[in-house]
Structures are given as structure tokens and as C-alpha cells.
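Any read-out appearing in this document is the output of simple, stated calculations on the displayed coordinates, not a laboratory observation. Bear in mind the structure is a predicted one, so any value in this text is a computation, not a measurement. Positions of Cβ are generated from backbone atoms using ideal geometry, with glycine treated the same way; all protein chains shown enter the neighbour counts.
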Amino acid sequence: MKAADLAVFCDFDGTFSVQDVGSTLAQRHAAERRPAEWERFEKGEITAWEYNMAILDGLPVSEATTEAFLKTVELDPGASALLAWCGAHDIPFRILSDGFDLNLERLQKIHGVQFAYDANTLRYEDERWRIGAGYPNPTCDCGTGVCKRGRIQAYRAEHPGRRTVHIGNGRVSDLCGAQEADIAFAKDTLALVLEQRGHPFQRFETLFDVIAALEASD
Ligand SMILES: [Mg+2]
Ligand SMILES: [Zn+2]
């Protein structure tokens, strides 16, 4: 494997960033509705996107309140270095996020970084969130708003021969992407579920670990 053949796809919440934007705001502003909806999701009665709709669509959080929270969100200590490393090696880098476009736009400005991304949509209506699914994929059982398998497959169709890398931390939104990619980096619940399924992956703590592993693979 040569680094020059790689294309890197990275989860945002809890992977490129330290905090999870959607779930932190949901804990603060929709705490009472979460347990019942999560139970329905765990039982398979609703999909991951339907869970998001139940909790986040209509969330009573204004643009100003969101902005104040976004200013507290930290990036992984190796986040900028990973962007720079990919840039220096002409390796395409893309955030695949089951979070929201407006938040990713703001976080890029706040942290002075730039990345391409695929995400769900967020708009404001009467000081409330209105959300829409970005890239749902009925053929994948992830049930999320942004099917990462689908995004990686679409990229591969356009760029045959590229070795795809997926970096993530969540068993719900990252599993299909990790399974689809040629190389998977995982931590947290994603690492647990990949281990249970016997799917090969490389464990990481910060994105510096990912850079070191990709460097070593050259
Ligand atoms: Mg995540
Ligand atoms: Zn999927």
C-alpha cells in the first residue's frame, strides 16, 4: 500500500471533534424524550434517522444557543495534523458525518480549518432546529441520515483503484463505513462492535495515531 493511493473518510462527532454536537445538545434540551426513543431504537422499532427526527427535529435551540455551544467544541488533538498530512500527500480527505451541515460550516470557521464533508441538513425555524437527511440509503441496514457505506461506494465507483480509509468511533453511524472501507480505524463503541464481528480494524486514541499508522503503511 502506498499513501498516494489512499482516500481518507473521517467521522466528525467524537472522532474529528472531542464532543458529540447532536447528542450533547439533545442531552441538554431533549433529555426527557431520549430514553423512550432510544429504547424504541434499540428494539428496532425505529431507524437511527427516525430516532434523530424524534429527538432533534424541532429541538428548541436557537442559532445563537447552538453557536455558543459550538464555540466550546474541541477538535481531536491530531485533527489539524491529519488534514495537513493528507494535503501534503495529495490524499483526498472527506468528513462523513451523521451530524449537520451548518454546524460543520461554523466549526470550520471557529477552528480555522477547511474540509470537504457529507452531512445532514440543519435549518432554523422559529428558534428551533429543522433537520433533513443528507444521504440515506435504503439498501443499507444502518438506517442513518448519511449512509457512510453509500458514500464510500459512490467515491470508489468514481475513483477505482483508490484504497479507502474510514476513521470512526460510533457503532450506529460508523459501522457500515468501517465495513465498506479497505482500511478501518476505530475506537469507542465502533471498536467494540468490529471486534465482536471479527472485522479487522486498527485501534486509535487520537488522530495522531492514525497519521502514524498511515505513514508506516507507505
Ligand atoms: Mg462519531
Ligand atoms: Zn449504511
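What does the charge dipole of the range 177-218 about its Cα centre add up to, to the nearest 20 debye, if the Cβ of each Lys and Arg holds +1 and the Cβ of each Asp and Glu holds -1?
For the range 177-218, the charge dipole is close to 200 debye.
Placing +1 on the Cβ of each Lys and Arg and -1 on the Cβ of each Asp and Glu in the chain, which of LEU190, GLN202, ALA7 has its Cα farthest towards the positive end of the resulting dipole?
Going by the Cα projections, it comes out as ALA7.
As a test of the formula, what do you get for the chain when each DSSP H run with n ≥ 4 contributes -39,500 (n - 2.57) and the sum is divided by the residue count, at 222 nm and rounded to the nearest 500 deg cm²/dmol?
-12000 deg cm²/dmol
Please state the charge dipole magnitude for the range 3-216, taken about the Cα centre, from unit charges on C-beta atoms (+1 on K and R, -1 on D and E), reported in debye and rounded to the nearest 20.
200
Quick one: if you take sqrt(5λ) for each eigenvalue of the C-alpha gyration tensor of the chain, what semi-axes come out, biggest first, whole angstrom?
Semi-axis lengths for the chain are 28, 20, 15 Å.
From Cα pairs below 8 angstrom and at least 6 apart in sequence, can you work out the relative contact order of the chain, rounded to a whole percent?
About 25 percent, as a whole number.
On a 0 to 90° scale, report how tilted helix 79-88 is relative to the longest principal axis of the chain, with both axes built from alpha carbons and the result rounded to the nearest 10.
40
Taking the Cα atoms only, what angle lies between the long axis of helix 188-197 and the longest principal axis of the chain, rounded to 10 degrees?
With rounding to tens, the tilt is 60 degrees.
What do you get for trypsin sites (Lys or Arg not before Pro) in the range 49-154 restricted to DSSP loop and a cutoff of at most 11 other Cβ within 10 Å of the site's Cβ?
Loop-located and lightly packed - LYS71.
Nearest 10 degrees is fine. How inclined is helix 148-158 to the longest principal axis of the chain, computing both from alpha carbons?
Orientation of helix 148-158: about 40 degrees from the principal axis.
Can you list which of the GluC sites (Glu not before Pro) found in the range 1-41 are DSSP loop residues with at most 16 other C-beta atoms within 10 Å?
Answer in residue order: GLU32.
By its C-alpha gyration tensor, with a ≥ b ≥ c as the square roots of the eigenvalues, how is the range 119-196 shaped: rounded for a/c under 1.5, else prolate for a/b larger than b/c, else oblate?
Cα axes put the range 119-196 in the oblate bin.
I need the GluC sites (Glu not before Pro) found in the range 110-218, filtered to DSSP loop residues with at most 10 other beta carbons within 10 Å of theirs.
none
For the ranges 57-68, 16-27, 183-194, what's the packing order if you count other beta-carbon atoms within 10 Å of each residue, average per peptide, and put the highest first?
Peptide ranking by packing, descending: 183-194, 16-27, 57-68.
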